[in-house]
Amino acid sequence: MREVIWGSPQAQLRLTLDAGAPAALSPVAPSARTAPPTPPAPETAGHPPMVEILAVGHGRAPNSLRAAGTAIGSRLRPVRHGVTRDGLWEVFEVVQRDSATDLAVTTRLARRDGVGAYRATTTVANLGAMPVLLQAVTSIVIGGLSDYLGRLAGARAWQARSEWCAESRWYPVELNSQAGLADINPTLHGQDSRCMYAITSTSTWSSGQFVPVGGIEGTGRALFWQLEANAPWRWEVNAAANDYYLALMGPSDPQHAWIRRLDPGETFTTVPVSFALAEESPPIGGLPGRRPGIPAGAIGELTKHRRASRLETGADAGSPLIYNDYMNTLMGDPTADKVLPLVDSAAAVGAQVFCIDAGWYDDGGDWWPSVGAWEPSLRRFGPPGLAGVFERVRAAGMRPGLWIEPEVVGVRSPKAAALPEACFMHRAGRRIVEHERYFLDLRCQLARDYLDSVFDRLISELGALYFKWDYNVTPGLGPDDADAAGPGDGLLEHARAHLAWFEALRARHPEVIFEACSSGAQRMDQAMLSVYDLQSTSDQQDYRLYPPIAASAPMAMAPEQAANWAYPQPGMTLEQVAFTLVTGLSGRLYLSGQLDRLEPAALGLVREAAKIYPSFTAHHRAGLPLWPLGLPQWEDPVVAIGSLAPTGALIHVWRRAAMAGSPGGDPSRDGAVLSLPAFAGGKVTVRQAFPSTLPAWEWSWAAGAGELRLDFGGAAEAARSLLVEPV
């Protein structure tokens, strides 16, 4: 048996490359890193193929609904492998062949020095004389999990529900449980189990049901992954003989009506996926008796990997403070009389970007079905027009920005009839329509040319330097025209065309900041996050419901990209104003609210938050996320999120009051105990970094346990940002 050990020293991989079997991939358990290589034990031998390919006419054996057991996957044989450098990335490539179909299959694993995470893709090339109809191709299959994470009975899978205004709700499932993988005694049956635990997304809201991130927490170790796809994706944890394994993939025929006709000479590359490994990763989560520990585990490694993977143009350097006029403020009805006072007040508190949200183009009073032409309204902004408002923004020292939803055209837009029919997605010969919007098909050059003309005009003629990029509807399975083998194929190629076109747009306008909104956070995937500057984390308008969303966002993105709304309003108490501002400061402060109508003391809190924001975001960029109370549950009365940097920990804590139909606070609970083992055994100082003008919470430090004990002082509803530093 030929084995190659490769990868980051703290998270090595084993590649099994036998001439008579498919290539296999598994993590290297710590004990194997210092001992001489030995053949795997019988119960862990025969890890699954690292690539599975389902194709018409080939199928699976035995038949199941899993990605595993494909005939082509079982026939693959490694022919060569090697390590190369691609800039800052080290790349390991394995090439395999299937003699029956003449498919050449190249799996590419890439890593950055000092990061215990990997990106994987698989490319299938048809070297034969006949077409092959692909139905599913895994990006990677990782076997040997019982050796690395421990037996199934001790493992938990992590996933997050993520609907509109209720994003990032993380929870664990015991894999060896009623909801997980059943032990059917496969030896007695003479074949592997068909059991699987799978999460699948649909259409182009990549995080519209589940966050495209998952993980398995084992005995002292963890494996977390992300699917870098702005189109459908799927992950499976499957049971095998005395083992279990993970399959990561994009769309497939069984789940997404995806078929790709691969003619001779053609290639297909899977969606990228990334995974991170960590030894002795403290459990992440809020189950009784389980503490989250320091961010030295897989999420920390995945965070470093995300940062290393981002396209940064410099326009967003320093994370300028953005004010947006939508949330709980103008709500899509901007006019000169309403906007101009907000421009002055936003500039006065220190905002650097002023974004006019939806409605700036609408003259009919209903902005939703009229999108598509992206021409400024002739009635909303008086004689100076939108250009005059932008001049006021620039004169106040801010960059002007606009909300836009470029991938759709409203049914009442003049562009619905003016654009060529080829610009739109079609199903069964008719335009796809959802909620009074048609969908541009970005596989079409005419559609891309039109959007290029829109952005070039808004940037060069109007001077927009910021775009809030929304995406409020999704087209289902996708277009099924003659250019695609099926709707799933059409949808995947549309999503890829979007990313390629957008990167070209960014290259042409490197001075512009682009926010990924997508109906709150319905495309919270690394494919988008790697090319956009920031991500709106929710459309949630209730400031009391936002903390668990904000506190969970760093599970899916680098904390400095997580744009959390803060919307102070007239009539709020000072504690409520501070509460919503702490939400913003816990990630990237995204400011809204009727600032022009705030009382002086409330406005003072906003100014203080704006002043301290640069140091907070610098701390986020330098640190890794930690959860001192575990990942929050939706109704937790106390929520906390922090970032641990070399200088200390910046921690944000919310005490949520009980309210009808909302999170149930516990009025008798006047404090919390935060787990900070990074500082255990030493002394610390704790400073209330924000707000400085409201009463400070009392604290005490239990050095042996590494616990910070907070006293809320009887506050029913309050929030604080605390800086914890070692002495």
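Derivation of every value follows stated rules applied to the coordinates shown; laboratory data play no part. Note that the structure is a prediction, hence the values are computed from the model and not measured. Heads up, the Cβs are rebuilt from the backbone with ideal geometry, glycines too, and the neighbour counts pull from every protein chain shown.
Observations, loosely collected:
- Span-rule helices in the chain, defined as complete DSSP H runs reaching 27 Å or more along the axis (Cα) with Kyte mean at least -1.0: 487-508, 600-622
- Near GLU405, the amide H atoms lying under 5 Å from its own belong to ASP470; only residues 5 or more places off or on other chains count, and H is placed 1.01 Å from N.
- Among LEU378, LEU708, the order by Cβ neighbours within 10 angstrom, fewest to most, reads LEU378, LEU708.
- Within the chain, antiparallel bridges make up roughly 85 percent of the DSSP beta bridges whose residues both belong there.
- Taking LEU175, LEU491, LEU419 and counting other C-beta atoms within 10 Å, the order from fewest to most: LEU419, LEU175, LEU491
- Taking packing as the residue-averaged number of other Cβ atoms within 10 angstrom, the listed peptides 716-725, 381-390, 203-212 run from highest to lowest as 203-212, 716-725, 381-390.
- Computed about its Cα centre, the charge dipole of the chain is approximately 1160 debye, with only Lys, Arg, Asp and Glu carrying charge at their Cβ.
- Computed [θ] at 222 nm, deg cm²/dmol, the chain (DSSP H ≥ 4; -39,500 (n - 2.57); rounded to nearest 500): -6000 deg cm²/dmol
- Anchor LYS468: lysines whose Cα lies under 22 Å away (excluding residues fewer than 8 positions away in-chain): LYS338, LYS415
- Listed residue (GLY57, LEU386, GLN569) projecting farthest to the positive dipole end of the chain, Cβ model: GLY57
- Förster radius 22 Å - calculated FRET efficiency between MET130 and ASP483, Cβ distance, rounded to 0.05: 0.55
- Working note: Debye formula, equal point scatterers on the alpha-carbon atoms of the stretch 638-726, no solvent; log10 I(q)/I(0) at q = 0.15, 0.17, 0.21 Å⁻¹ is -0.56, -0.70, -1.01.
- Among 191-197, 138-144, sorting by the average number of other beta carbon atoms lying within 10 angstrom of each residue, highest first, gives 138-144, 191-197.
- Relative contact order (%) - the stretch 290-382, alpha-carbon pairs under 8 angstrom, separation at least six: 26
- Shown in residue order for the stretch 691-698 are the 3J(HN,Hα) couplings computed by the Karplus curve 6.51 cos²θ - 1.76 cosθ + 1.60 at θ = phi - 60°: x, 7, 9, 9, x, 7, 6, 6 Hz (x for Gly and Pro).
- Dipole magnitude of the stretch 638-726 about its Cα centre (Cβ charges: Lys, Arg +1; Asp, Glu -1), debye to nearest 20: 100
- Taking 7 Å steps out from each Cα toward its Cβ at THR693 and ALA19 produces label points 7.8 nm apart.
- From phi via Karplus (6.51, -1.76, 1.60), per-residue ³J(HN,Hα) for the stretch 704-715 in Hz, x at Gly/Pro: x, 8, x, 10, 9, 9, 10, 10, 6, x, x, 5
- Other residues with beta-carbon under 13 Å from the beta-carbon of PRO691 carry, at +1 per Lys or Arg and -1 per Asp or Glu, a net charge of +2.
- Dipole magnitude of the stretch 3-309 about its Cα centre (Cβ charges: Lys, Arg +1; Asp, Glu -1), debye to nearest 20: 380
- Sequence-distant residues sharing a close amide H with MET50 (under 5 Å, placed H): ALA23, ALA24, LEU25
- Inter-label distance, nm, simple model (7 Å from Cα along the C-beta direction), LEU188/THR335: 7.6
- For the chain, diffusion coefficient by Stokes-Einstein and Kirkwood Rh (Cα), 20 °C, 1.002 mPa s, µm²/s: 80
- The stretch between GLN209 and GLU3, if pulled fully straight at 0.36 nm per residue, gains 70.2 nm over its current Cα-Cα span.
- The stretch 3-309 has equivalent-ellipsoid semi-axes of 28, 22, 21 Å, by the square roots of 5 times the alpha carbon gyration tensor eigenvalues, sorted largest first.
- Selection from GLY364, ALA601, GLN178, by position along the positive dipole direction of the chain (Cβ): GLN178
- Once you reduce the stretch 329-375 and the stretch 519-563 to the center of their Cα atoms, the two points are 22 Å from each other.
- What the phi angles of the stretch 638-644 give under the Karplus curve with 6.51, -1.76 and 1.60, with θ = phi - 60°, is a coupling list of 10, 10, 9, 9, x, 10, 9 Hz, glycine and proline written as x.
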